[in-house]
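Below is one structure, written out as structure tokens; the observations come after it.
The values are calculated or read from the model by the stated rules, or taken from the named source; none is laboratory data. All of these numbers come straight from a predicted model, not from anything done at the bench. With ideal geometry, Cβ positions are generated from the backbone for all residues, glycine too; neighbour counts draw on all protein chains shown. Side chains included, ligands, DNA and RNA excluded: accessible areas come from the protein's heavy atoms. Shrake-Rupley method; radii C 1.70, N 1.55, O 1.52, S 1.80 Å.
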Amino acid sequence: MSVPPVGAPGWSAFLEAYHAAHPAVTEDLLLPMRGPRGLQPYAWLAEGLPATGPVLDVCCGSAPVADVVGHDRYTGVDLSRAELAQAALRRPGARVVRGDAMTSALTARPPADSGAGTLDRGAGRPAAVTVAMALMLLPLEAFLRRAAALLPDGGRLHAMVPTREDAAGTGYGTLLRLLGEDGHGYRQPLPPAVVAQELDRAGFTLEDDEVAVFDRHVPPEDVDLVVGSFYVRDGGPGPEPARGWLTDRSREPDFLLRYPLRRLRAVRTGTGR
């Protein structure tokens, strides 16, 4: 399946179809990775979150963040029924609701037959908002203002995204090149200066914006998972060159796929402007 060019219509339909066909693909890609201090990516994302208070996880997918922050204070929101079904299967104690990133926390609804309540029933105002591997797909200004409206002063916003700008010299960068994706950005560019400016406008203070490289073993049975986790556009060479390269590497006992991730952490400190 191919991603429409950046800025073209059809992104929402693509993402819905992609995650329907590959539920939990992001979790299955990331959880085996280890990075700074031996942390897996979702634990790295959660560093610095408050120890108490509700956490709202936007574009939650299969809800892996729930395992890090605790199921009892977690609420995940996602549009994909297939992802939410995986969340319910893998984490039956975590609250998940169906809605998009711009949906009011008071109007998002639970997925069919989930038994979960709406976000205003028992969850309380979030102390933190997280968004893992999705900020590059959202309208940045609108999302930040929505998050600011949900958070109290001192509330935290943490985001984690893949970073193609830091791919040089990594296996991730090799796969991008073989897939014909090097030089292509995501739906929403996230230049550091722009992100800092938009956070400030929305009423946040940016604490840090950093990149870390994570390592992952790739056994032969995970090759299709890793290659399939990339959003591939029309007109490229297709997945076979990348699949062939990664299959060869996966047979090397010491091979680790190096994969850069970027983390943004901000605090709600003002009313925005």
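Can you name the condition, by its number, that residue 227 falls short on among (1) without any contact (Cβ under 8 Å) to a residue 60 or more places away in the chain; (2) surrounded by fewer than 18 Cβ atoms within 10 Å (Cβ to Cβ)?
The single condition residue 227 does not satisfy is (2).
Can residue 53 be described as out of contact with any Cys (no Cβ under 7 Å at 6 or more places or on another chain) and either surrounded by 18 or more Cβ atoms within 10 Å (Cβ to Cβ) or free of Cβ contacts under 8 Å to residues at least 40 places away in the same chain (or both)?
no
List the helices (runs of 4 or more DSSP H) that sit entirely inside the stretch 147-241 and contain at least 3 residues that are modelled with pLDDT of 95 or more and charged (D, E, K, R).
192-202
Determine, yes or no, whether residue 202 is among the aliphatic types (A, V, I, L, M), within 27 Å of residue 12 (Cα to Cα) and open to solvent by 30 Å² or more (accessible area, probe 1.4 Å).
No.
Here's the yes/no breakdown for (1) open to solvent by 80 Å² or more (accessible area, probe 1.4 Å); (2) closer than 20 Å to residue 18 by Cβ:
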{"position": "194", "(1), (2)": "no, no"}
{"position": "217", "(1), (2)": "yes, no"}
{"position": "243", "(1), (2)": "no, yes"}
{"position": "258", "(1), (2)": "yes, no"}
{"position": "262", "(1), (2)": "no, no"}
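For residue 232, work out the one condition from (1) farther than 30 Å from residue 154 by Cβ; (2) surrounded by fewer than 13 Cβ atoms within 10 Å (Cβ to Cβ) it doesn't fulfil.
(2)
Restricting attention to the stretch 28-49, does a residue exist that is at negative phi, at pLDDT 95 or above, open to solvent by 20 Å² or more (accessible area, probe 1.4 Å) and acidic (Asp, Glu)?
yes
Kindly list the number of the only condition in (1) touching a His at 6+ places or on another chain (Cβ under 7 Å); (2) farther than 24 Å from residue 40 by Cβ that fails for residue 228.
Looking at each condition in turn, residue 228 falls short on (2).
I'm checking my understanding of the structure. Among residues of the stretch 175-192 that are touching a strand residue (DSSP E or B) at 6+ places or on another chain (Cβ under 9 Å) and within 18 Å of residue 216 (Cβ to Cβ), which one is surrounded by the most Cβ atoms within 10 Å (Cβ to Cβ)?
Once the filter is applied, the top-ranked residue is 175.
Limited to the stretch 242-273, what total is found for residues that are out of contact with any Asp or Glu (no Cβ under 8 Å at 6 or more places or on another chain) and assigned to a strand (DSSP E or B)?
So the answer is 1.
Quick one: count up the residues across the stretch 56-76 that are in contact with a Lys or Arg (Cβ under 8 Å, 6 or more places away or on another chain) and either at pLDDT below 95 or open to solvent by 40 Å² or more (accessible area, probe 1.4 Å) (or both).
2
Would you check if residue 112 is farther than 12 Å from residue 58 by Cβ, surrounded by fewer than 20 Cβ atoms within 10 Å (Cβ to Cβ) and at pLDDT 50 or above?
On the way: farther than 12 Å from residue 58 by Cβ: yes; surrounded by fewer than 20 Cβ atoms within 10 Å (Cβ to Cβ): yes; at pLDDT 50 or above: no.
No.
Among what's in the stretch 242-259 and is out of contact with any strand residue (DSSP E or B) (no Cβ under 8 Å at 6 or more places or on another chain) and not charged (D, E, K, R), pick the residue that is modelled with the lowest pLDDT.
Among those that are out of contact with any strand residue (DSSP E or B) (no Cβ under 8 Å at 6 or more places or on another chain) and not charged (D, E, K, R), it is 253.
Name every residue in the stretch 189-212 that is aliphatic (A, V, I, L, M) and under 16 Å from the mean Cα position of the chain (by Cα), in order of residue number.
Hits for the stretch 189-212 are 190, 211, 212.
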